[in-house]
1. Which percent of the accessible heavy-atom area of the chain goes to carbon and sulfur, probe 1.4 angstrom?
2. Return the sequence-ordered ³J(HN,Hα) values of region 64-74 in whole Hz as given by the Karplus equation 6.51 cos²θ - 1.76 cosθ + 1.60 applied to θ = phi - 60°, using x for Gly and Pro.
3. Using a 1.4 Å probe, what is the accessible area per residue for the chain, in Å²?
4. Treating the angle as unsigned and between 0 and 90°, give the value, to the nearest 10°, between the Cα long axis of helix 32-43 and the longest Cα principal axis of the chain.
5. Over the alpha-carbon set of the chain, work out the extent along each principal axis and list the three values in angstrom, largest first.
6. How about Lys16: which aspartates and glutamates have a C-alpha closer than 14 Å to its C-alpha, ignoring those fewer than 8 places off in the same chain?
7. Which order do the peptides 3-11, 20-28, 45-53 take when ranked by the mean count of other beta-carbon atoms within 10 Å per residue, highest first?
8. Can you list residues whose amide H is under 5 Å from Tyr63's amide H, if they're 5+ apart or on another chain and H is modeled 1.01 Å from N?
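The values are calculated or read from the model by the stated rules, or taken from the named source; none is laboratory data. Everything quoted here is computed from the prediction, not taken from an experiment. Cβ sites come from the backbone with ideal geometry, for glycine too, and all protein chains shown count toward neighbours. Just the protein is used for accessible areas: all its heavy atoms, side chains included, with ligands, DNA and RNA removed. Shrake-Rupley method; radii C 1.70, N 1.55, O 1.52, S 1.80 Å.
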Amino acid sequence: IKAYVPVLTKFRKTEKVDALDGILKPTAKPDADNILKALLDALNELAYDDDRYIYKIVIERFYAEVPRTEVEITDEY
């Protein structure tokens, strides 16, 4: 899961550049656990039978000009 959050309006120009380059990491809301819970609930019965079958999750947050969430689901046995 890659969650892209908007760059904070309070950032100075140099901070905005650092944020978009991945040097500054998001520490404001939404928290990773809140993003994760919403996604797991939304994808339940669509991408998998039940989220109890998920055994590995990687979630990262980044700043971006266009906020979005990207999800990659793989079937590994």
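1. The computed percentage sits at 52.
2. Each residue's phi maps through the Karplus curve to give 7, 5, 10, x, 5, 10, 10, 10, 10, 10, 10 Hz.
3. 80
4. Result, in degrees: 40.
5. For the chain, the Cα spread along each principal axis is 45, 21, 17 Å.
6. Glu65
7. Going by the mean number of other Cβ atoms within 10 Å, highest first, we get 3-11, 20-28, 45-53.
8. Correct list: Val5.
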